[in-house]
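The values are calculated or read from the model by the stated rules, or taken from the named source; none is laboratory data. Since the model is a prediction, treat every value here as computed from it, not as a measurement. With ideal geometry, Cβ positions are generated from the backbone for all residues, glycine too; neighbour counts draw on all protein chains shown.
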Amino acid sequence: MSAFNAIGEQREIDRDEYTPGVEPQPTWCPGCGDFGVLKALKQALPEVGKTPEEVLTVTGIGCSGKLNSYLDTYGFHTIHGRSLPVARAAKLANPELEVIAAGGDGDGYGIGGNHWIHTARENHDMTYIVFNNEIFGLTKGQTSPTSPKGHKSKTQPSGSAKTPLRPLSMSLNAGASYVARTAAVNPNQAKEIIKEAIEHDGFAHIDFLTQCPTWNKDARQYVPYIDVQESDDYDFDVHDRAEAAEIMRETENVLNEGTVLTGRYYIDEDRPSYQQEKTAVGEMPDEPLAERYFDDDAEWERSYDLLERHT
Amino acid sequence: MSDDELIWRIAGGSGDGIDSTSQNFAKALMRSGLDVFTHRHYPSRIRGGHTYVEIRAAAHEVQSRGDGYNFLLALGDSFARNPQEEAYYGNEEIKPLSENLDELREGGIIVYDEGLLDEEEVADLDLEKRAEENDWHVFPMDLRGLAKEHGREVMRNTAGVGVTAALLDMDLEHIEDLMEDAMSGDVLESNLEILHEAYETTNEEYDFEHDLRAPVGEHDTEQALLSGSNAIAYGAIDAGCRFIAGYPMTPWTDVFTILSQNFPDMGGVSEQVEDEIAAAALAVGASHAGVKAMSGSSGGGFALMSEPLGLAEMTETPLVLLESMRAGPSTGMPTKPEQADLEFVLYTSQGDSQRVVFAPGNIEEAYEQTRLAFEIAWDYQIPAIIIYDQKLSGENTNVDVEFFDREPKPDLGSTLTEAELREAAHDNSGKFKRFNYEEAENGVAPRSLPGQKGGRYLATGNEHSPVGHISEDPDNRTFQMDRRLEKLEAIREELDERDSTQTYFGDEDAEYGIVTWGSSQGAVQEAVARLNEQGHSVKGLSVSDMLPFPKTEVTEFLESVDEAMVVEMNATAQFRGHIQRELGRFGEKLSSLLKYNGNPFEPAEIVEGYEVNLADEDREPTAQVRIEPAAGD
């Protein structure tokens, strides 16, 4: 018998269940793209049959980090840049949980960049949503890792001399097995991509363009957007690494010229998840580790039985 | 200094197999019925460099390294890379012999490998003259030639052990048994041949004029030879810890390695990750999801854990972290012990610290206090840190096997089941009041785990309301802060009611005290015993509870003495400062004996420090230590 009965519960789920009953006032500005992520998640989760209490949403710090204040799952609002290591350990501790990690471009691509590379490399089975608004919002408008070259801000007054980071290409090279980009202005695509990411067995990275109407007024609202799957101008095989790399590079290049490309960029369904890899080498327990602490019949190994090597 | 003990030092280059040879020899001595204690000295290099392991063995209890030593097996450094005298490291080949002579006691024995060490260089040491002055007995042996003849050159360790056994009149039985456990086939055959050949050659070639022999002892119960790192790892296993995340760093790596090797067979999970920030964050994540988890590092790596540590404090996530100190600052001396990270561990991370810190003083305490750390962490939902050092991490001593025969304690403390959650308080919307200050006992509000029905809440590093929502309401803030801090008071009360984790020794009625903490305990214990034998009247206290501080116990001890000397391995008297900060008094009573040259205290250095400092003998200490007088002195 499981100690975690919210997991795998089969029932109809209303999307309102994901809205806190006593809702804290959202701190996002009117017109913020972050509302788009929240809405897409509330739609996607019931459609993939996940109840609020079998989902753990782990966030970093920034406007994006407030996601789990307004999404009523189990939540862990961690520290700046560290959502991924917290999230992947929770998944290892209890692989039955549906784990979603989220943060912003500063949080995920800047301060937490090392964790992003390694979580993708290891292909942990989780969804990672990066709210990419190309700016630091909560600290009032500083240049971020994805801000375009020449971007002026109080901390880069003469304009950034840095080329922006390439989120999609980086993720592909690091080893993510599902890479997509969507935008808050494209709610249907966003919902569908989130559903696919949740159902994908492995590290699914969504670069989610979220316009910042307060601190990035000059930037585009990410309209009009083009879905690379639906447009005839972009013909590539989403399962082909080389073709994916090429279209990712173009997508990243043209964003700063005003062309917003979105869609699925890379899907590798064959690559085993980290949990599977670790099981294959014999270093993952068969049953969720978290269950064992509630199992009265569990037999706990003792150090006393290891002493032979010391006598 | 006692005559009935053997302190055998095997010296060579890193990579010469000093560790494994000494481990087996220590075990052989233990099996023969002796108490043993090892001390490892090595450089931060993979190959070459002067390294030694010292084994102290006696028929009585040994709690520390001794004063100097009385048997040197100098293998010579076969990996020496700079044969020129003018090279930066100097001529290293000879170092295992030349560098160890100063600490060799009168009447001591020297065995060196004349097959490796250059005759002229040995002559340059003036060995003959020094031997005469100190009554040393010198035995040049062609260990390399012997090894080559019957096996391979690397087996010269075995030849050295054979010579040792002959000179000490030891039976080869235990040494052979251990070789048979560790080796097989041709390798075993060759090693056994070398062992016997060396043993017999020594007996044939030399007339023994030395007095030193292996002590003879007997154990009433079966003994196990363990290091502090073994003890910490085993304490964690018996506390039900089944998740560890880490990043390699000396000396913390030892515990990480032991658990990584054992966990797969125990259904546990070990993760080597990208950095120490991730390591601590993983431990937080695993604990949050319901597993007893730990992480750890040494100074520099632990610095990266400061922020996840604060997150665990604020979200009240149970967690055990290890801080295995080495000499700092910065990269410092990576393979040398020091106790200079105390203040860092007590106060690192922003805001008011809310953590428990234990500093075990020996191998049994390392096991006990690791268990205790898990128990307190999960009962009170608070991070607990074990602070120890390179010395305790790597030293081996014999422990009664039965000491470990006890029940595991894997329970999750103040964690609710789904049935209990149904009875627990929820807000109007049905959200679980995870941080409910109204019904908390001892400051502890029971927690739920993700995936449990009816336990939904938000954990956040921001200040938060009872259901976990971010809140900057002044009343809520004050209630929550007071509640969290109340846990520390409750923990202190609980610890005061249990068997004390502090260690007391010496003469109860003494007017002078020596206070220490952590791994310096053994040397201080021995020093206090000697001082009392010499006619002084001294008592000792070794403190393990760093936070919450055992105010009553330490106050009682300090009130009972006229003066006390605080002994610790650092340059700034951190523990003395901690005592004064916690108690707000005793500045005029407390002086310090400090050592920070990279080597742990020898008991004689503490005896001398006492004589110079408290017994007011008018002289300077001869050892590389510093005395800091009490305030006003």
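To keep it simple, each residue is scored yes or no on (1) hydrophobic (A, V, I, L, M, F, W, C); (2) at pLDDT below 95.
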site	(1), (2)
B:LEU72	yes, no
B:LYS95	no, yes
B:ILE110	yes, no
B:GLY115	no, yes
B:GLU120	no, yes
B:LEU127	yes, yes
B:ASN134	no, no
B:HIS137	no, no
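Yes or no: segment A:148-159 includes at least one residue that is under 20 Å from A:ALA184 (Cβ atoms) and surrounded by fewer than 19 Cβ atoms within 10 Å (Cβ to Cβ).
yes
Taking segment B:576-633, which residues are aliphatic (A, V, I, L, M) and part of a loop (DSSP other than H, G, I, E, B)? So that I can check it myself, show each step before the final result.
Here is the first cut: in segment B:576-633, the ones aliphatic (A, V, I, L, M) are B:579, B:583, B:590, B:593-594, B:604, B:606-607, B:612, B:614-615, B:623, B:625, B:627, B:630-631.
If the condition is that a residue be aliphatic (A, V, I, L, M) and part of a loop (DSSP other than H, G, I, E, B), then B:LEU614, B:ALA615, B:ALA623, B:VAL625, B:ALA630, B:ALA631 are the ones that fit.
Every residue in segment B:226-238 that is surrounded by 24 or more Cβ atoms within 10 Å (Cβ to Cβ) and within 11 Å of another protein chain (Cβ to nearest Cβ), please. If you could, list the steps in order and put the result at the bottom.
Here is the first cut: in segment B:226-238, the ones surrounded by 24 or more Cβ atoms within 10 Å (Cβ to Cβ) are B:226, B:228-237.
B:LEU226, B:ASN230, B:ALA231, B:ILE232, B:ALA233, B:TYR234, B:GLY235, B:ALA236, B:ILE237, listed by residue number.
Report, ordered by the first and then the second residue, all pairs with beta carbons closer than 9 Å, sequence separation of six or more or different chains, a first member in segment B:464-490 that is in contact (Cβ under 8 Å) with a residue 60 or more places away in the chain, and a second member that is part of a loop (DSSP other than H, G, I, E, B) and acidic (Asp, Glu).
B:MET481/B:ASP352; B:MET481/B:GLU463; B:ARG484/B:GLU316; B:ARG484/B:ASP352; B:LEU485/B:ASP352; B:LYS487/B:GLU316
Please go through segment A:104-126 and give me each residue that is acidic (Asp, Glu) and closer than 11 Å to A:HIS205 by Cβ, ordered by number. Step through it out loud before you land on a result.
Residues of segment A:104-126 acidic (Asp, Glu): A:105, A:107, A:122, A:125.
Result: no residue meets the conditions.
For residues that are touching a Ser or Thr at 6+ places or on another chain (Cβ under 8 Å) and surrounded by fewer than 20 Cβ atoms within 10 Å (Cβ to Cβ), scanning just segment B:155-176, find the one that is farthest from B:GLY108 (Cα to Cα).
B:HIS174
Determine whether segment B:112-120 contains at least one residue that is within 15 Å of B:GLU93 (Cα to Cα) and in a strand (DSSP E or B). Steps first, answer last, please.
So the first thing to find is which residues in segment B:112-120 are within 15 Å of B:GLU93 (Cα to Cα), and the list is B:112-120.
Now restrict to residues that are in a strand (DSSP E or B): B:112-113.
Checking segment B:112-120: at least one residue is within 15 Å of B:GLU93 (Cα to Cα) and in a strand (DSSP E or B).
Condition first: buried (at least 16 other Cβ atoms within 10 Å of the Cβ), in a helix (DSSP H, G or I) and not β-branched (Val, Ile, Thr). Now tell me which residues in segment B:489-517 satisfy that. First the steps, then the outcome.
Let us first name the residues in segment B:489-517 that are buried (at least 16 other Cβ atoms within 10 Å of the Cβ), namely B:490-492, B:495, B:501-503, B:505-507, B:510, B:512-517.
From what is left, the residues that are in a helix (DSSP H, G or I) are B:490-492, B:495.
Result: B:ALA490, B:ARG492, B:LEU495.
Find all pairs meeting these conditions: Cβ atoms under 6 angstrom apart; at least six residues apart or on different chains; first residue within segment A:251-280 and over 30 Å from A:LEU97 (Cα atoms); second residue modelled with pLDDT of 95 or more and of a type in the set (Lys, Arg).
A:GLU252/A:ARG166
Considering only residues of segment A:272-286 that are in a loop (DSSP other than H, G, I, E, B), more than 7 Å from chain B (Cβ to nearest Cβ) and modelled with pLDDT of 95 or more, which is farthest from B:GLN272 (Cα to Cα)?
First, the residues of segment A:272-286 that are in a loop (DSSP other than H, G, I, E, B): A:272-273, A:281-286.
Restricting the remaining residues to those that are more than 7 Å from chain B (Cβ to nearest Cβ) gives A:272-273, A:281, A:286.
Filter once more, keeping what is modelled with pLDDT of 95 or more: A:272-273, A:281.
Working: A:PRO272: 19, A:SER273: 17, A:VAL281: 15 Å.
Across segment A:272-286, the extreme among qualifying residues is A:PRO272.
From the list B:GLY285, B:GLY332, which one is of a type outside the set (A, V, I, L, M) and more than 26 Å from A:HIS80 (Cα to Cα)? Before the answer, list the steps.
Working: B:GLY285 fails: more than 26 Å from A:HIS80 (Cα to Cα).
So the residue among B:GLY285, B:GLY332 that is of a type outside the set (A, V, I, L, M) and more than 26 Å from A:HIS80 (Cα to Cα) is B:GLY332.
Can you find, within segment B:254-273, the residue that is farthest from the other protein chains (Cβ to nearest Cβ) among those that are surrounded by 21 or more Cβ atoms within 10 Å (Cβ to Cβ) and within 17 Å of B:LEU304 (Cβ to Cβ)?
Within segment B:254-273, the match that is farthest from the other protein chains (Cβ to nearest Cβ) is B:PHE256.
For the subset of segment B:432-488 comprising residues that are of a type in the set (Asp, Glu) and part of a helix (DSSP H, G or I), which member is nearest to the other protein chains (Cβ to nearest Cβ)?
Within segment B:432-488, the match that is nearest to the other protein chains (Cβ to nearest Cβ) is B:ASP475.
Looking at segment B:392-431, which of its residues are part of a loop (DSSP other than H, G, I, E, B), facing chain A (nearest Cβ under 10 Å) and polar (S, T, N, Q)? Please lay out each step first, then the result.
Within segment B:392-431, the first condition is being part of a loop (DSSP other than H, G, I, E, B), and the residues that meet it are B:395, B:405-414, B:416-417, B:424-425, B:427-431.
Now drop any that are not facing chain A (nearest Cβ under 10 Å), which leaves B:405-412, B:417, B:427-431.
Those that are part of a loop (DSSP other than H, G, I, E, B), facing chain A (nearest Cβ under 10 Å) and polar (S, T, N, Q): B:THR417, B:ASN428, B:SER429.
Looking at segment A:262-276, is at least one residue over 27 Å from B:ASN230 (Cα atoms), more than 21 Å from the chain's Cα centre (by Cα) and surrounded by fewer than 18 Cβ atoms within 10 Å (Cβ to Cβ)? Spell out how you get there, then give the answer.
Looking only at segment A:262-276, we keep the residues that are over 27 Å from B:ASN230 (Cα atoms), and these are A:262-276.
Right, trim to more than 21 Å from the chain's Cα centre (by Cα) and you get none.
No, there is no match, as no residue in segment A:262-276 is over 27 Å from B:ASN230 (Cα atoms), more than 21 Å from the chain's Cα centre (by Cα) and surrounded by fewer than 18 Cβ atoms within 10 Å (Cβ to Cβ).
Please verify whether B:ARG447 is touching a Pro at 6+ places or on another chain (Cβ under 7 Å) and surrounded by 24 or more Cβ atoms within 10 Å (Cβ to Cβ), treating the condition exactly as stated.
Values: touching a Pro at 6+ places or on another chain (Cβ under 7 Å): no; surrounded by 24 or more Cβ atoms within 10 Å (Cβ to Cβ): yes.
Here the answer is no, as B:ARG447 does not meet what is asked.
Considering only residues that are among the aliphatic types (A, V, I, L, M) and either surrounded by fewer than 20 Cβ atoms within 10 Å (Cβ to Cβ) or touching a Ser or Thr at 6+ places or on another chain (Cβ under 6 Å) (or both), which ones fall in segment A:171-197? Steps first, answer last, please.
Quick first cut of segment A:171-197, residues among the aliphatic types (A, V, I, L, M) only: A:172, A:174, A:176, A:179-180, A:183-185, A:190, A:193-194, A:197.
Across segment A:171-197, the qualifying residues are A:ALA174, A:VAL179, A:ALA183, A:ALA184, A:ALA190, A:ILE193, A:ALA197.
What number of residues in segment B:241-258 are closer than 22 Å to A:ASN114 by Cα, assigned to a loop (DSSP other than H, G, I, E, B) and of a type outside the set (Ser, Thr, Tyr)?
Qualifying residue count for the region: 2.
Condition (residue is out of contact with any Asp or Glu (no Cβ under 7 Å at 6 or more places or on another chain), in contact (Cβ under 8 Å) with a residue 24 or more places away in the chain and hydroxyl-bearing (Ser, Thr, Tyr)) applied to segment A:23-32: is it met by at least one residue? Spell out how you get there, then give the answer.
Applying the first criterion (out of contact with any Asp or Glu (no Cβ under 7 Å at 6 or more places or on another chain)) to segment A:23-32 yields A:23-27, A:29-32.
This time we only want the ones that are in contact (Cβ under 8 Å) with a residue 24 or more places away in the chain, so: A:23-24, A:26-27, A:29-32.
Next cut, hydroxyl-bearing (Ser, Thr, Tyr) only: A:27.
Yes, some residue in segment A:23-32 is out of contact with any Asp or Glu (no Cβ under 7 Å at 6 or more places or on another chain), in contact (Cβ under 8 Å) with a residue 24 or more places away in the chain and hydroxyl-bearing (Ser, Thr, Tyr).
Looking only at segment B:129-148, count every residue that is more than 13 Å from B:HIS196 (Cα to Cα), in a helix (DSSP H, G or I) and of a type outside the set (Lys, Arg) and tell me the total. Can you show your working first?
Within segment B:129-148, the first condition is being more than 13 Å from B:HIS196 (Cα to Cα), and the residues that meet it are B:129-142, B:144-145, B:148.
Adding the requirement that they be in a helix (DSSP H, G or I) leaves B:129-134, B:144-145, B:148.
With of a type outside the set (Lys, Arg) added as a condition, the list becomes B:131-134, B:145.
Of the residues in that region, 5 qualify.
Any residue in segment B:122-138 that is in contact (Cβ under 8 Å) with a residue 60 or more places away in the chain and touching a strand residue (DSSP E or B) at 6+ places or on another chain (Cβ under 7 Å)? Break it down stepwise before answering.
Taking segment B:122-138 first, the residues in contact (Cβ under 8 Å) with a residue 60 or more places away in the chain are B:137.
If we keep only those that are touching a strand residue (DSSP E or B) at 6+ places or on another chain (Cβ under 7 Å) too, we end up with B:137.
Checking segment B:122-138: at least one residue is in contact (Cβ under 8 Å) with a residue 60 or more places away in the chain and touching a strand residue (DSSP E or B) at 6+ places or on another chain (Cβ under 7 Å).
Within the bounds of segment A:240-256, is there any residue that is farther than 24 Å from A:LEU172 by Cβ and assigned to a loop (DSSP other than H, G, I, E, B)? First the steps, then the outcome.
Within segment A:240-256, the first condition is being farther than 24 Å from A:LEU172 by Cβ, and the residues that meet it are none.
There is no residue in segment A:240-256 that is farther than 24 Å from A:LEU172 by Cβ and assigned to a loop (DSSP other than H, G, I, E, B).
Output the residue which, of all residues in segment B:407-437 that are polar (S, T, N, Q) and at pLDDT 95 or above, is surrounded by the most Cβ atoms within 10 Å (Cβ to Cβ). Talk me through it step by step, then tell me what you get.
Keep residues of segment B:407-437 that are polar (S, T, N, Q), which gives B:414-415, B:417, B:428-429, B:436.
Subsequent filtering for residues that are at pLDDT 95 or above retains B:414-415, B:417.
Numbers: B:SER414: 18, B:THR415: 21, B:THR417: 14.
Checking each candidate, the answer is B:THR415.
Quickly run through segment B:259-273 and pick out the residues that are charged (D, E, K, R), part of a helix (DSSP H, G or I) and within 25 Å of the chain's Cα centre (by Cα). Let's see the steps before the verdict.
In the first step, residues of segment B:259-273 are kept if they are charged (D, E, K, R); the result is B:265, B:271.
From the residues that got through so far, the ones that are part of a helix (DSSP H, G or I) too are B:265.
The answer is none; no residue qualifies.
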